[in-house]
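In what follows, a single structure is set out as structure tokens and then discussed.
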Amino acid sequence: MKKYNQVILLSIVMYIILAFFLGSSLIQMENKRNQTYRVESNRIMDKINRGEAIQQIDLSTYTIVEDIQFLDNSITDKQIIDSFFTEENNKKSHYQPYYQHGELVGYIKFSYQMPELNIKQVFWYSQFSLCILELLIVGILIYLKKNIIQPFVRLNSAAIEISKGHLKGEIKEEKNRYLGRFMWGISHLKDKLDISRQRQLEMLKDKKTILLSLSHDIKTPINLIKLYSKALEEKIYVKEEDQRHAMHQIREKAGEIENYVDEIIRSSREDILDVQIKQGEFYLSDLMNRVLAVYQEQCDLRQIELTVQKFDNRLLKGDIERSQEVFENLFENVFKYGDGRRIDLSFYEEDYCQLIRFFNTGNPVCDNEFNHIFESFFRGSNSQGLKGNGLGLYICREYMRKMEGDIFAEKSQEGMAFILVFR
């Protein structure tokens, strides 16, 4: 973006230079005309001051001054005076008082015809300036086409291919500074989507295999339960001891079925968040700048009061990208279920850990639901009619724990608070 701003600045500078060049050229031509007249009038006055009579001055040797008239100071005739001070058509006049021995004796009138501007010269000056300006505009347009429009057209086709699910192939990287990193990001996203799809297919295949195996295994206890139930129903077991044994077997097989069901649930939840964490270090201010760059404006648009207290810029342990996603999930959770009044971010330290308290006003969940808010696929009673999958807070907890931190919740009469713990 910096180089693009330099191009804009260059175009403005070139325009100013061309405008100054053309304007100064016209001014110089006008000054040259006026200077010619002043030179001639000064030469004539010099002759008059040396005693030469006005009638004896040969005007044929001059190019600008065409006529000289003298009005004696003793003349009082108004008609003569008005005629003297009236300019002739197509001519300009200049009046200059004439003194002898320090006394005003009259006025000298110079009638002159200013030469016209050199239209041809003006034309070529203007054409030269317009040509330079046009070349500059064409250069800028070619530059924009090569560095912005053409890469964006290629990006458009790549986006269409991705939307159709065509994730194979490579996206050509751009070397320009405007869309180079953006195109690299799209290519990286395409590769990530392809890897994610392959991983998802493999995971679905594994889960299908597990479910088929469990479904096969679960049939054995079910058949036994059916067999013992039928025997009890038809009173095949006469002895009380046999009846108790049959009921004991039914209970045992029901327990086996329960274990199989738990295994199915566990396998269905496994790898739901198969995300790699890049464990490292980052400063708290960098994380908050990223978060506030997005959600300060979002809160302003929703008229939510966002308060961020002062904090020490500590060095935190974890993945800044995943930490940003944790805040994103918390903000989106507030936008859905909060009352839209206030969000407070406060910071404090405890046991050598950095704690960030994320509080929002609103009606908290009930005690029964509060104990399950971090579970996957859990949605509270206040989520009816709202889109979601019940994974936001679950993802937050998994991310924080994978970064060797943690997250826990508090509730009060005013709202809910989530405390993030960074090591």
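Starting with the highest mean, order 413-422, 334-343, 245-254, 129-138 by the number of other Cβ atoms within 10 Å, averaged over the residues of each peptide. Write down the numbers at each step before the final one.
Working: 413-422: 18.8, 334-343: 17.3, 245-254: 14.6, 129-138: 13.1.
Those peptides, ordered most packed to least, come out 413-422, 334-343, 245-254, 129-138.
Can you give the extra length, in nm with one decimal, that the chain gains between THR307 and VAL294 once fully stretched, where that is 0.36 nm per residue apart less the Cα-Cα distance? Spell out each step's value before the answer.
Numbers: separation 13, 0.36 × 13 = 4.68 nm, distance 1.46 nm.
My answer for the length gained is 3.2 nm.
Work out from phi, with θ = phi - 60° and the Karplus expression 6.51 cos²θ - 1.76 cosθ + 1.60, the ³J(HN,Hα) of each residue of the range 292-308, listed in order in whole Hz, and give x for Gly and Pro.
These are the phi-based 3J(HN,Hα) values: 5, 4, 9, 8, 5, 5, 4, 5, 4, 5, 8, 6, 9, 6, 9, 10, 10 Hz.
Report, in listed order, any pair from LYS219/LYS239; LYS47/LYS109; LYS230/LYS253; LYS190/LYS336; LYS336/LYS411 with a Cα-Cα distance greater than 19 Å.
On the way: LYS219/LYS239 28 Å; LYS47/LYS109 15 Å; LYS230/LYS253 15 Å; LYS190/LYS336 30 Å; LYS336/LYS411 17 Å.
Pairs exceeding 19 Å: LYS219/LYS239; LYS190/LYS336.
What are the ³J(HN,Hα) values, in whole Hz, obtained from phi via the Karplus relation 6.51 cos²θ - 1.76 cosθ + 1.60 with θ = phi - 60°, for each residue of the range 413-421 in sequence order, with x given for Gly and Pro?
Using θ = phi - 60°, the values come out as 5, 7, x, 10, 9, 10, 9, 8, 10 Hz.
5 Å is the cut-off here: which amide hydrogens, built 1.01 Å from N in the peptide plane, fall below it relative to VAL308, excluding neighbours closer than 5 in sequence?
HN-HN under 5 Å from VAL308: LEU345.
Work out from phi, with θ = phi - 60° and the Karplus expression 6.51 cos²θ - 1.76 cosθ + 1.60, the ³J(HN,Hα) of each residue of the range 57-63, listed in order in whole Hz, and give x for Gly and Pro.
With the stated coefficients, the range 57-63 comes to 6, 8, 7, 5, 8, 10, 9 Hz.
Return the long-range amide H neighbours of ASP319 (sequence gap of 5 or more, or a different chain), with a cut-off of under 5 Å between placed amide H atoms.
GLY280
Within the set of other residues whose C-beta is less than 13 Å from the C-beta of TYR237, count the net charge using Lys and Arg as +1 and Asp and Glu as -1. Please report the intermediate quantities before stating the final value.
On the way: positive: LYS230, LYS235, LYS239, ARG244; negative: GLU233, GLU234, GLU240, GLU241, ASP242.
Its environment carries a net charge of -1.
Can you list residues from other chains, or at least 5 along the same chain, whose modelled amide H is less than 5 Å from the amide H of GLY362?
ASP339, GLY415, MET416
If the cut-off is 13 Å between C-alpha atoms, which aspartates and glutamates fall inside it for LYS235, apart from same-chain ones fewer than 8 positions away?
Straight-line reach from LYS235, under 13 Å: no aspartates and glutamates qualify.
Say a paramagnetic label sat at a point 7 Å from the Cα of LYS192, along Cα to Cβ; which residues of the range 403-421 have their backbone N under 17 Å from it?
none
No value in this document is a laboratory result; all are computed from the given coordinates. Because the structure is a prediction, the values reported are computed rather than measured. Reconstructed Cβ throughout: ideal geometry from the backbone, glycine too, with neighbour counts over all protein chains shown.
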